[in-house]
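The values are calculated or read from the model by the stated rules, or taken from the named source; none is laboratory data. The shown structure was predicted, so the numbers you read here are calculated from the model rather than taken from an experiment. Note that each Cβ is placed from the backbone with ideal geometry, even for glycine, and that neighbours are counted across all protein chains shown. Heads up: the accessible areas ignore ligands, DNA and RNA and are worked out on the full protein's heavy atoms, side chains in. Shrake-Rupley method; radii C 1.70, N 1.55, O 1.52, S 1.80 Å.
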Amino acid sequence: MAKKREPLEPEKKVSDGASLELLVKALCDGTTTVFERMDSQSSQCRFGKSGVCCRICHMGPCRITARTPRGVCGADIDTVVARNFLREVASGAAAHSDHARHLVLLLKHTAQHGGDYRIQDEQALRRCARMYGIQELDRPTAQLASKLADVFMEEFSKQEGSITTPSLAPLKRTGAWKEQGLTPGGVDRMIVESLHRTTLGVDHDYRHILAHAFRTSLADGWGGSRIATLTSDILFGTPSPVKSQANLGVLSHDAVNVVVHGHEPALSEMLAVASLDPDVIAAAREAGATGINLAGICCTANEVLMRHGISVAGNFLQQELAIVTGAVELMLVDIQCCLPSLPEVAAVYHTKVIATSHIAHTPGADSVPFDEANAYESARSLLMTAIANFPNRDPAKVAIPEHRQPLVAGFSVEAIKYMLGGTFRASFRPLNDAIIQNRIFGVVGIVGCNNPKSQLDAYINTLTLELVKRNVLVLKTGCAAISSAKSGMLTPEAALENAGQGLREVCEAVGMPPVLHMGSCVDNSRLLEAATELVAEGGLGDDLSEVPVVGVAPEWMSEKAIAIGTYFVASGIDVVLGHPFYVTGSENVTRFLNQDARQGLGATFHVHEDPHAALDKIMSLLGARRKALGIDKSAERKLWGMADRRGLGAENAPPRATCRPHGR
């Protein structure tokens, strides 16, 4: 029998003051949240957790154990566990890639028909066109955008051969994929093939199944997700540093609070514009409010934060708590990570919950699909709905925490290059030099969700703080980025207070935080792009498996996180997980993912449920890569005078990093 999980006290479930206050309030209001539902799942299925339950056909379901080592069809434990893992990867890849498809279709419609959307970043459009081999010189913007949208759509529908986007990776990495048979085909085909391979009577070799999991994940990370990021930048603008605030204290006592939640940026972008409409503001004032206060939850929060500076109310596990404040007039949900419990929580207060996606309905929520063809009016109508609900707010139920923290977000790769080198010398060269000189020990990307199996934000924030103390530059996306925002780590001042000497010097010189917010979870492709820039700049190896970079998913919970971790490892970047995949029932599958994958990919997964153990592993991995590059010793820093320079022959000149071709 599975070990029973004892209910935890509120202070052991969350780590920030705002969440603690509202979790206690929810209990007093008689509202059930994700934290109490976690307690009710006191004995989670050990067969499911170890991945040994098979429900693929209706001769089962079968549980593979020592007493029953094969299912009815004859599948052994390795086959069952590997098939379950591949299906999770395929689901995660589908989520990000369908998000991307929607954006590409919007780009196509905007290019051909205009409407309320505009191409906000023509420079990004032309840069992307060159990346994909499209002649852009003297080509009208709309025509070029339409052509690029067609090229992007082929990445989804391509039936033969490989897709183009993975060619943006370093040459040595694309060679490794070709050698291992992992070069991805069309995104849709990879996902369909995953389901086909895992149906009854098809693929039974766990190694072969797992290889396709890596291949499918690459169709996401270097296909769907990368396309989503590129398209968002073209349509809505490439992010650049912007100031804002985070945590539930950003909600207003006096304004109409509208919370946007989910992942698709099309609606939230238009809401940002419509909220400034004089007629909308006047209507809010007539209703007794001071105006409209937009705030975000989850990855929609990250999208509007980094392009508009709109405040972040919280991350995944705070979505119900936002409603518990009693101050939210309207919560708009679209796709991914939107809890089906939201209408039930909202029923205790006055909050309206509206589902805006045609593919995602929630019982108890009003369904009002967002009309992109009439985007502005659709957004304006939703704001009017919120305004009409403002008089229904019950002051006796309102409790907005005072907790909020300042932040700086919006560090796209283009923005980082500009900060490091300016308009005419924008590059990663200063960052490469800082790593080579050991002022920065390495770069760590911390990504992923929150999970009620552990204390909210605690693992993420503990690990982040310890890394910056050790001169590690931290890049963040998704809910992990919001964790750092709430803890005050997304400001330049955090470097002065917490960073090691070398990292602090770099941050002070550039004026950036020691933790860089790079976007939503689909923007993990930006992390791969940043790592690729390190390779292209030279001096840190010629493959992603050589650069001192590690990925971490401390509090992950989603199938999307599984796909993300898998494409990071397939790209040659080690990934540390805060808790394991559902594969532990098979020693062979676990060994393949955590050990054997290194032989062909140059990276593996590592599981550490304690943040300090994770810290030790990360520093060891970074150190090993530094040693292999020959930069494991601190470089002596000397200012060379003219007499020193005249005395130097070529054979005694200071060493310089050698630039290697990128191979794009």
Q: Name the residue, out of Val522, Val506, that is touching a Ser or Thr at 6+ places or on another chain (Cβ under 8 Å) and either among the hydroxyl-bearing types (Ser, Thr, Tyr) or part of a helix (DSSP H, G or I) (or both).
A: Val522
Q: Scan the stretch 345-358 for residues that are among the aliphatic types (A, V, I, L, M) and either touching a residue at least 40 places away in the same chain (Cβ under 8 Å) or in contact with a strand residue (DSSP E or B) (Cβ under 7 Å, 6 or more places away or on another chain) (or both) and jot them down.
A: Val345, Ala346, Val348, Val353, Ile354, Ala355
Q. How about the stretch 277-292: which of its residues are outside any helix (DSSP H, G or I), open to solvent by 30 Å² or more (accessible area, probe 1.4 Å), at negative phi and of a type outside the set (A, V, I, L, M, F, W, C)?
A. Thr290
Q) Being closer than 19 Å to Pro406 by Cα, hydrophobic (A, V, I, L, M, F, W, C) and modelled with pLDDT of 95 or more, is that true of even one residue in the stretch 521-533? A) no
**Q.** Residues located in the stretch 114-138, provided they are acidic (Asp, Glu) and either within 25 Å of the chain's Cα centre (by Cα) or farther than 24 Å from Phe370 by Cβ (or both)
**A.** Asp121, Glu122, Glu136, Asp138
Q. So which residues in the stretch 258-272 are assigned to a loop (DSSP other than H, G, I, E, B) and open to solvent by 10 Å² or more (accessible area, probe 1.4 Å), if there are any at all?
A. Glu264
Q. Of the conditions (1) open to solvent by less than 40 Å² (accessible area, probe 1.4 Å); (2) hydrophobic (A, V, I, L, M, F, W, C); (3) over 24 Å from Ala246 (Cβ atoms); (4) part of a helix (DSSP H, G or I), Ala301 fails just one. Which one is it?
A. (3)
**Q.** Top-ranked residue of the stretch 457-516 - restricted to ones that are basic (Lys, Arg) and buried (at least 24 other Cβ atoms within 10 Å of the Cβ), ranked as nearest to the chain's Cα centre (by Cα)
**A.** Lys476
Q) So which residues in the stretch 127-160 are among the acidic types (Asp, Glu), part of a helix (DSSP H, G or I) and open to solvent by 60 Å² or more (accessible area, probe 1.4 Å), if there are any at all? A) Asp150, Glu154
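Quick check, is Val72 surrounded by fewer than 16 Cβ atoms within 10 Å (Cβ to Cβ), modelled with pLDDT of 95 or more and more than 28 Å from the chain's Cα centre (by Cα)?
The answer is yes for Val72.
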Q | Condition met for Asp188 (among the charged types (D, E, K, R), touching an Asp or Glu at 6+ places or on another chain (Cβ under 8 Å) and more than 24 Å from Val81 (Cβ to Cβ)) | A | no
Q: Of the numbered conditions (1) under 32 Å from the mean Cα position of the chain (by Cα); (2) farther than 18 Å from Asn450 by Cα; (3) at pLDDT 95 or above; (4) open to solvent by less than 50 Å² (accessible area, probe 1.4 Å), Leu22 fails exactly one; give the number of that condition.
A: (2)
Q: Name the residue, out of Ala379, Ala373, Ala346, that is open to solvent by 30 Å² or more (accessible area, probe 1.4 Å) and either small (Gly, Ala, Ser) or on the phi > 0 side of the Ramachandran plot (or both).
A: Ala373
Q. Mind checking whether some residue in the stretch 165-187 is free of Cβ contacts under 8 Å to residues at least 60 places away in the same chain, assigned to a helix (DSSP H, G or I) and over 24 Å from Gly541 (Cα atoms)?
A. no
Q) Condition test on Leu86, is it open to solvent by 50 Å² or more (accessible area, probe 1.4 Å) and not charged (D, E, K, R)? A) no
Q. Has the stretch 74-89 got any residue that is more than 30 Å from Arg380 (Cβ to Cβ), of a type in the set (A, V, I, L, M), free of Cβ contacts under 8 Å to residues at least 12 places away in the same chain and out of contact with any helix residue (DSSP H, G or I) (no Cβ under 8 Å at 6 or more places or on another chain)?
A. no
Q: Looking only at the stretch 98-112, decide whether some residue is open to solvent by 20 Å² or more (accessible area, probe 1.4 Å) and not in a helix (DSSP H, G or I).
A: no
Q.
Suppose we keep only residues that are touching a strand residue (DSSP E or B) at 6+ places or on another chain (Cβ under 8 Å) and among the hydrophobic types (A, V, I, L, M, F, W, C) within the stretch 517-541. Which one would you say is surrounded by the fewest Cβ atoms within 10 Å (Cβ to Cβ)?
A. Leu534
Q. What residue, among those in the stretch 206-219 that are open to solvent by less than 10 Å² (accessible area, probe 1.4 Å) and closer than 24 Å to Asp523 by Cα, is farthest from the chain's Cα centre (by Cα)?
A. His212
(Q) Please go through the stretch 177-205 and give me each residue that is closer than 12 Å to Leu218 by Cβ and either of a type in the set (Asp, Glu) or surrounded by fewer than 19 Cβ atoms within 10 Å (Cβ to Cβ) (or both), ordered by number. (A) Lys178, Gln180, Gly181
Q) Looking at the stretch 220-257, which of its residues are part of a strand (DSSP E or B), open to solvent by less than 10 Å² (accessible area, probe 1.4 Å) and not aliphatic (A, V, I, L, M)? A) Asn257
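Would you check if Ile163 is open to solvent by less than 40 Å² (accessible area, probe 1.4 Å) and closer than 25 Å to Ile359 by Cβ?
Here the answer is yes, as Ile163 does meet what is asked.
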Q. If you take the residues of the stretch 331-343 that are hydrophobic (A, V, I, L, M, F, W, C), touching a helix residue (DSSP H, G or I) at 6+ places or on another chain (Cβ under 7 Å) and surrounded by 24 or more Cβ atoms within 10 Å (Cβ to Cβ), which of them is farthest from Arg101 (Cα to Cα)?
A. Met331
